[in-house]
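Heads up, the thing below is written out as C-alpha cells.
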Amino acid sequence: MGHQDRQELPLIPPSVDVSRLPEPLRDDKRALTAEEARKTYLKITRDAWKTEGHTSKHTAHRKGIYPRILEADRSFQERYAGLTTAKISRDLSPYDASGDRMTLWELDQILNGGSVRQKVRSSLDYQLSQKCGFEYEWVAVTSVTRTTGTPQEHIYIWIDDPKDDVSKMSLFPTHQKHIERCDREYSEAHEISQERKYGSITVEHSPSVVDHLPEKFFEIREESETEARPVTKGAQFVASKLIHLHIGDYVDSEQKDPPEALLEGAALAWASPYKWFRASSGVPSP
C-alpha cells in the first residue's frame, strides 16, 4: 500500500470504541484519519503555545523530558566508573498477516499493550541485576519511523560494568521477549537470523559522546548542577526521538518540515493509552 493509503486509514480499527479517542480526534462517531489527526494535532498544539499559562506537549518534551534524559546521562557518566551503555530497539512491521496495513492504534497496541513491556522489563532485570549483579538504570522512548509512521521503542540503558562483561548476547534474551510477542515473521518461522537476532541491540563499553552541540542546544539545556560534560551519542539519539519535539521544526521557518509520518505519530501519541516515555526509578527527575 502507498503513502496515501496510510493517511486515509482511521487512527483506530472499527472494533475499537471511538469514545476512547480524545474528542478532537473524532468527528461525532467517526474516528479521524491519520491525515485529519495530523492536521488537528498541529492546530491544537500551535494554539496551545499562544495560550498564556498553558503547557503544550511540545514544551513538556523540550523543557522537561529531553533535558531529563541528558541530565541522567551526565549523572551516570559521573556515577558509574565502568560505564557501559546499551540500546535495545523494538520494531514492528506495519502489515498484518494478510499483507494489509494496520491502523496506527493497532500497531501501538501490539508494541506497548498487553504484557510485552512487563516481560521485557523483567527479562532486563533478570539478565543484568539478578543474574550478573550489575547496577543499571534505563529510559524508554516510543517514536515512529520517518517513512511508514510505524511505532517503535528505543530502550537506553546505563550499566555499571567495570570489566566490560555486557555484550549483545547478554541482552538478546530481553529482546527475544519482544520478538516472541510482536514479530509475526519470527512467530511463524520459529527461527531468526543472526542479523535479526542482534541487529536491534547496540552495546558500547566506552560510549562515544557528541562532538558538537545540536541546534538550539542552549534553548533546551536544563539548569543543572551536574558538570556540563558531553552526553553520549546514544542518549542524544534517544532524546531526539521524543515524538512531540518534531512540531518545533514544523513551525520554525528556518527548518525543514518534518515528514508527515512523524506528525501523524505525534497525534497517535496524544491518543495512545500508553506512556511514550518511561524511566526506571533511579533516573533523576527534573
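The values are calculated or read from the model by the stated rules, or taken from the named source; none is laboratory data. Just so you know, these numbers come straight off a predicted model, no measurement behind them. Because the Cβ atoms are built from the backbone with ideal geometry, glycine has one as well, and the counts that use them run over all protein chains shown.
Quick check on the stretch 144-156. Is at least one of its residues in contact (Cβ under 8 Å) with a residue 12 or more places away in the chain and either touching a His at 6+ places or on another chain (Cβ under 8 Å) or more than 28 Å from L245 (Cβ to Cβ) (or both)? Checked the stretch 144-156: no residue is in contact (Cβ under 8 Å) with a residue 12 or more places away in the chain and either touching a His at 6+ places or on another chain (Cβ under 8 Å) or more than 28 Å from L245 (Cβ to Cβ) (or both).
Reported count of residues in the stretch 252-280, each being farther than 14 Å from K57 by Cα and not basic (K, R), is 15.
Against the test of being in contact with a His (Cβ under 6 Å, 6 or more places away or on another chain), at pLDDT 95 or above, within 26 Å of G265 (Cα to Cα) and not in a strand (DSSP E or B), the options V141, V120 yield a single qualifying residue, V120. Of all residues in the stretch 150-196, those being at pLDDT 90 or above and surrounded by fewer than 17 Cβ atoms within 10 Å (Cβ to Cβ) number 8. When A72 is tested against (1) at pLDDT 95 or above; (2) farther than 23 Å from V141 by Cα, exactly one condition is not met: (2).
Among the listed residues R74, R117, R79, identify the single one that is more than 18 Å from the chain's Cα centre (by Cα) and buried (at least 18 other Cβ atoms within 10 Å of the Cβ).
R74
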